[in-house]
Each structure stands twice: as C-alpha cells, then as structure tokens.
Amino acid sequence: MSDYLVEVNNLTKRFPIKGGLLGREVSAVKAVNNVSFKIKKGETLGLVGESGCGKTTLGRSLLRLIEPTSGEVKFAGRDITSLNPSDMRDMRRKMQIIFQDPYASLNPRMTVGGILAEPMDIHGLNKSKDARKRRLQELLDQVQLPSDALNKYPHEFSGGQRQRVCIARALAVEPEFIVCDEPVSALDVSVQAQVVNLLMDLQKDLGLTYLFIAHDLKVVEYISSRVAVMYLGNMVEVAESHELYGASRHPYTKALFSAIPNPDPTKHVDRILLEGDIPSPMNPPTGCHFHPRCWLASEECKANYPEVTAQSGTHEYRCFNPIQ
C-alpha cells in the first residue's frame, strides 16, 4: 500500500473561450497547467498563491466538481478521472469539500438537521430513525454546536457557526480526504483561529487528510505539514512547511512571503515589490511564466520552462536561478 492517499499527475484544466458566428473556440484560459503532486495519508498540504492562480480550480478538479481537461488523479491508488458517474458517486463519499462562503453554500430553506442528513440519505447511511438521530448529535458534538441547532435555519447562525455546519456536513459521510477551499477567509480573525483549531483536532481524532487552500500565509504555516505555491496555473515550489518558510528557493515564493505582516515593529523585514501585473492565463509568457516580474530572470528563463529541481526528498522547485 502506498503512503500517499492522493496522487496527481499532469493535471490540466482549460476553459475554452468561444467567439464568432459559429461559436468556435478562439482561445482558452489555462487555469491549471500540468500540475503534479502527492498528499500523504493524514497530512495537510497547504496551497497558496495570488488570486486567479488556479487554486480553487485545482481543488475542485481533484473531486471532479470541475472536470479536468487532461491528467490523472489517483485516490487510494484508483484513477478517479476515468470513473463512470455511479462509481464516482461512491468515491465522493470518501472525498468532500468545505467551501469558502458559509453564507452561500448552505440551503436557506433547509434546517441544519436536513442539511446534515441529506448527504447520509444520498449514500444510504444511518437509515433507521434512531441511528440517524445519534449520528446527527455526534456531528454537532464534533463541531461544537448545541443540540438545538438541528431545528434552526442557516440565517439564525453567525458566520463561524455556519462554517461549523459546513464542516459537519462534510464529515457526515465519514470521508478520508477533505478539500478546504479557503474555509476561514470570510470569518473574523478571532473566529478563524477557532475554526482552524477545530479542523486540526478533527484531523487528529478522525485521521483526515486535507488540501488546505488559503490566502493567509500565517494560517497556512500553522496548519500545514507541507506547502505548495502556485503561480499562473503552475506549481512552482513544494516543501515541508518549516523549510519553505525558512529557506524558500523560488523568487516568487520569496516575494510572496516577504508580504507577510510582521507584528514586531523592532524587526526590519525587506519587502520585495514585484513590478507589473500578473500575466493573463489566456496568453501566458514564454518560458518561465514568472520571468516578466522576476528580478533574477535570465535569457534562459525567457526561452525555456524550468524542470523540477529536487533539493531534497521533500523540497522541489522550478527555477533556473533559485534564491541561494
């Protein structure tokens, strides 16, 4: 048996842009471009990058909520990209997602009890009335919500409580892998800490595996075992969390981390200000996509796309002129 629960090989997602009288494809947005990585059982892989770099598209493509254009996604050794709808429904019991916006991802016309029972009904779990009642109470206990929450509607809860309902819904079918798509970005800072700690406790108690997508680099550092950095649909660096934050090699990663706010006013931090805008994913630059904004770019960077360089068994990056 492999140590890896999720294995992604050359995953690509293109969104066609159609035009003209006949609606032919005239271009395409290359949201995810030949991305490969692995996630071990029980670990959290953090995924960071600027808005529009393809993080959410990648996360949803892993679950086939968005169908990949090409590539391979293996879950527990099984390629899910080739599964028929019936087999994919069975597989989705093991793979769940927590969406970014707890206000938009819950049905306002359903009670919390109905929201939590729906995935169990779909997968034929806890069919008896007593078993369902016990399971619903267990879910509320796991996410630290009161038992009277079952008869209430989403609008009766705060943002943090709604996100706990979303977490409980993901746990309802006893999954092994959860994509956390910016689960705390819509919450107050104090509530963010509570939800992140809850996710970590659940991982420890239930043996869960996470892909944790976020903008807040400090949150990612806190919760993640390893961290992957995306830029314009490509994964440019992957390493253990402590190694990436302490000794990043890719210039983009260095620039990204230099923007982390420093709470100590006596400690000077050299900010790296990138020039220019992010290129369009419809027409990315030749060679390394980061070279128009990179202060270390050479002619080779403009002509060729760098292959993966493995610094160690767990640290990989794509760069011709890495930070030393």
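All of the numbers you see were taken from the coordinates with simple rules; none came from a lab. Here the structure is a predicted model, which is why all the values come from computation and not from measurement. Here the Cβ positions follow ideal geometry from the backbone for every residue, glycine too, while neighbour counts run over all protein chains shown.
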Item to check | Listed residues S70, S147, N33: farthest to the positive end of the dipole of segment 1-153 (Cβ charges) | outcome: S70
Checklist outcome for this item: Too long for a 29 Å Cα-Cα cut-off, among K38/K152; K74/K133; K18/K94; K30/K302; K13/K127; K55/K127, are K38/K152; K74/K133; K18/K94; K13/K127; K55/K127
Checklist outcome for this item: Helix 159-171: inclination vs the chain longest Cα principal axis, degrees, rounded to 10, gives 80
Checklist entry - Ordered by packing density, taken as the mean number of other Cβ atoms within 10 Å over each peptide's residues, highest first, how do 106-116, 45-55 rank? => result 45-55, 106-116
Checklist outcome for this item: Fewest-first ordering of K204, K302 by Cβ atoms within 10 Å yields K204, K302
Checklist outcome for this item: Ranked on Cβ counts within 10 Å of their own Cβ, fewest leading, F75, F212 go F75, F212
Checklist entry - Charges only on Cβ, +1 for Lys and Arg, -1 for Asp and Glu: so what's the dipole of segment 100-164 about the Cα centre, in debye to the nearest 20? => result 180
Item to check | Extension gain, D270 back to T314 (0.36 nm per residue minus Cα-Cα distance, nm) | outcome: 13.1 nm
Item to check | Ranked packing of 224-237, 307-320, 166-179, most packed first, by mean Cβ within 10 Å | outcome: 224-237, 166-179, 307-320
Checklist entry - Any idea what diffusion coefficient segment 1-66 gets from Stokes-Einstein, in µm²/s, Kirkwood Rh on alpha carbon pairs, 37 °C, 0.692 mPa s? => result 239
Next on the checklist: Using the crude model of +1 on Lys and Arg Cβ and -1 on Asp and Glu Cβ, and no other charge, please compute the dipole size for segment 41-135 relative to its Cα centre, in debye to 20.
Outcome noted: 580
Item to check | Dipole in debye (nearest 20) - segment 8-88, about Cα centre, beta carbon charges: Lys, Arg +1; Asp, Glu -1 | outcome: 60
Checklist entry - Quick one: helix 112-122 against the long Cα principal axis of the chain, what's the angle to the nearest 10°, folded into 0 to 90? => result 80
Checklist entry - Shape of segment 63-129 from its Cα gyration tensor (a ≥ b ≥ c, root eigenvalues): rounded if a/c is under 1.5, otherwise prolate when a/b > b/c, or oblate? => result oblate
Item to check | Isotropically averaged projected area of the chain, using the convex hull of Cα atoms (one quarter of hull area), nm² | outcome: 20.0
